[in-house]
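Structure first, commentary second.
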């Protein structure tokens, strides 16, 4: 039975996170695992299809390295800006916007296939006059044919335009991914009541960065075996041919669609999952606990004094209790 006094101060206790909130934190973690998994898949996939991009658009190895570094440049710059500007804002919503922008960047990376076509050779010409067709379209600097010169000029413009589109897509992908490994981590850590779970939750997110590229390499291995036009390769062309170009653009579309699906639930998360009553100042909590402890100690002392005066044991009772305790005292001495 609890005893209360008129001067007793009620200590505001920190409310435990309800099961609904725990479930929401878990859902947020699962969604972010999916987002980071898609991001890692895209990164691994991009490396796996570089050879096909080089064949299709005549991109050199130096330009291929530039495409990969553009992503890192955009990501590094955006991480600093996002970490500075996101303070006090709805972190899940910012993360969701980043996921949507990542989806747009995937569609942007697949755009050269829509503008310039999935293949650079004519299927009928390759089937009927393979050698003649190849010779007519080689950009040989020693040839003086007007048709060849026009074709080479058009091909160079196409390659330059495709490279710039891919570079912009890579930069946008790097910028859009900035919230994934910054404010998403902060949101999870701030909304966990049991901080002991924070390293485990954040470790899961970091671990997905290692598994994601493995999915991307597997996806690139599968799609590069599919001819770029999807309708089928010419009879005289197979996967071992130098002119073979796989369906490099299809993987970007898959990643873009997955990004869009993952962005939907992130828009519905609140700014904070912790009840405002739980956000108590530590100094105030310490002072209130001290006052409460002092009142309880004083109250218990009064109760003990009253009980001692009203229920003081007699001499015979004390003697009987001492005799009963002798065997136990002897046993303690022998041990």
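Throughout, read-outs are computed from the coordinates displayed, never taken from laboratory work. All figures in this text were calculated on a predicted structure; none of them were measured in a lab. For neighbour counting, all protein chains shown are included, and Cβ atoms are generated from backbone atoms with ideal geometry for every residue, glycine included.
Report the FRET efficiency, 1/(1 + (r/R0)^6), for residue 161 and residue 72, where r is their Cβ-Cβ distance and R0 is 25 Å, rounded to 0.05. Don't skip to the answer; put the middle values down first.
Values: r = 23 Å, r/R0 = 0.93.
It comes to 0.60.
Can you work out the FRET efficiency for the pair residue 114 and residue 243, with r the C-beta to C-beta distance and R0 = 25 Å, to the nearest 0.05? Could the numbers behind the result be given before it?
On the way: r = 21 Å, r/R0 = 0.84.
Efficiency at R0 = 25 Å is approximately 0.75.
Which FRET efficiency value, to the nearest 0.05, do you get for residue 206 and residue 230 by plugging their Cβ-Cβ distance into 1/(1 + (r/R0)^6) with R0 = 35 Å?
Details: r = 36 Å, r/R0 = 1.04.
The calculated FRET efficiency here is 0.45.
Extending 7 Å from Cα along the Cβ direction at residue 84 and again at residue 261 yields two label points whose distance is 3.8 nm.
Cα-based values for segment 19-275, radius of gyration first and Dmax second, are 22.0, 77 Å.
Distance between the modelled labels on residue 214 and residue 272, one decimal in nanometres: 3.9 nm (7 Å Cα→Cβ projection). Between residue 30 and residue 253, the modelled label-to-label distance comes to 2.9 nm, taking each label 7 Å out from Cα in the direction of the beta carbon.
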